[in-house]
Amino acid sequence: MSPKNLLLFGATGTIGSYILDAILSARSQFDRVAIFTSPRTAETKASALEKLKAQNVEIIVGDIEDEEAIKAAYVGIDTVISALGRTALAQQIPLINLAAASKDVNLFLPSEYGTDIAYSPKSANEKPHQLKLKVRALIESIPREQLNYSYVVTGPFAEMYLNSIPGLEEAGGWNVKAQKATLLGDKGEDKVSLTTMKDVGTLVLAAIQSTSSATLNRPLCVNSFTTTPAKIQAEFERQTGTAWKSVSFTSLERLRALETEAWEKGHPAATGVTLRRIWTEGGTLYEERGNGVIGEPAVMGLEEVVANELKRVSSL
Ligand SMILES: NC(=O)c1ccc[n+]([C@@H]2O[C@H](COP(=O)([O-])OP(=O)(O)OC[C@H]3O[C@@H](n4cnc5c(N)ncnc54)[C@H](OP(=O)(O)O)[C@@H]3O)[C@@H](O)[C@H]2O)c1
């Protein structure tokens, strides 16, 4: 049965807002679109929530740790989409248990939208994957008659991949103002698959619109395009019409050293450095991407992403 009544968690967040936008672009295909949001967000983002109400979105304000509030929110909902942030990933455990116990909820999309956390046997030991792995283990332990799931795996968000981590510029990124780039890998020629944030929304929408045995109860590894740091650099230089002042390379070996140091120092971006190391090792490459099984929706390309970044920086 195709999803008709949706409830989103984290819909006011970074990627949740793109997912909600995409769903609203197809609003007439759904009977209900509801979001569950915190009292704090209801206060701080009141005008954005008013705009959503005007687009026929039900706003449920509550505490995600309040079981009764969640049970009430699940009534009449067939599909739950979570886009909760990294600090709230564990909060999905009770949300999933309650979804399994609900007579209405049939499909749960946990907050993934990133690196494939089961890419290889090594993935099981990666620090940033631990909570998402716990969530997967729980959802997979639930009988399928009770709850189906779909993991939308997108790899790095293209826009974020372009930007360096403040204080950790050696871990890769493009600084348009300074015309300075740090490319990951010895020569920047290792492939990486990226998904723009808009496309994450497009691909989640397509995933719920085309539920089938090819999309349900498995990872759905999708992306906007596959490129290399060197190709990104070439596109920046083509669009800016100039050879950049400084282009350097960070080898995998150096990236691994930066990663160790970041974890040892308790750097808040240690997770980001680990993910960049995984991406540079080829952790976003698949024999076949899943866009085809969800109807090959139109997605963005490198040229547009670079153009958007140049526009963003010039407007600062
Ligand atoms: N592939 C990539 O490059 C990439 C980059 C960033 C994130 N991601 C992934 O995308 C997913 C969403 O991340 P995000 O950065 O979009 O999230 P976010 O903006 O940090 O948070 C999303 C929402 O979650 C809710 N939330 C946050 N902290 C919470 C807490 N402690 N308790 C309860 N609710 C909380 C809030 O919603 P309300 O206040 O409305 O309830 C918030 O707006 C994650 O799985 C993350 O790993 C991937």
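Go through segment 134-163 and report how many residues are assigned to a loop (DSSP other than H, G, I, E, B) and open to solvent by 40 Å² or more (accessible area, probe 1.4 Å). Total satisfying the criteria: 5.
Of all the criteria given as (1) more than 9 Å from the ligand (Cβ to nearest atom); (2) among the acidic types (Asp, Glu); (3) part of a loop (DSSP other than H, G, I, E, B), the one not satisfied by Glu112 is (1). The residues of segment 5-31 that are more than 20 Å from Pro297 (Cβ to Cβ), surrounded by 15 or more Cβ atoms within 10 Å (Cβ to Cβ) and more than 9 Å from the ligand (Cβ to nearest atom), listed by number, are Asn5, Leu7.
Restricting attention to segment 51-66, the residues that are in contact with a helix residue (DSSP H, G or I) (Cβ under 6 Å, 6 or more places away or on another chain) and either among the small types (Gly, Ala, Ser) or outside any loop (DSSP other than H, G, I, E, B) (or both) total 4. The criterion of at least 2 residues that are closer than 16 Å to Asn308 by Cβ is met by the following strands (runs of 3 or more DSSP E) wholly inside segment 192-247: 225-227.
Residue check: Ala257 meets all listed conditions (1) open to solvent by less than 10 Å² (accessible area, probe 1.4 Å); (2) outside the structural domain of Asn106 (by TED's automatic domain parsing); (3) of a type outside the set (S, T, N, Q) but one, namely (1).
Only residues that are open to solvent by 10 Å² or more (accessible area, probe 1.4 Å) and more than 30 Å from Val80 (Cα to Cα): list them for segment 175-201, please.
Result: Asn175, Val176, Lys177, Ala178, Gln179, Lys180, Thr182, Asp186, Lys187, Glu189, Asp190, Lys191.
The values are calculated or read from the model by the stated rules, or taken from the named source; none is laboratory data. For clarity, every value in this text was computed on a predicted model and none was experimentally measured. Here Cβ is always computed from backbone atoms with ideal geometry, including for glycine, and neighbour counts include all displayed protein chains. Please note that ligands, DNA and RNA were not included when accessible areas were found on the heavy atoms of the full protein model with its side chains. Shrake-Rupley method; radii C 1.70, N 1.55, O 1.52, S 1.80 Å.
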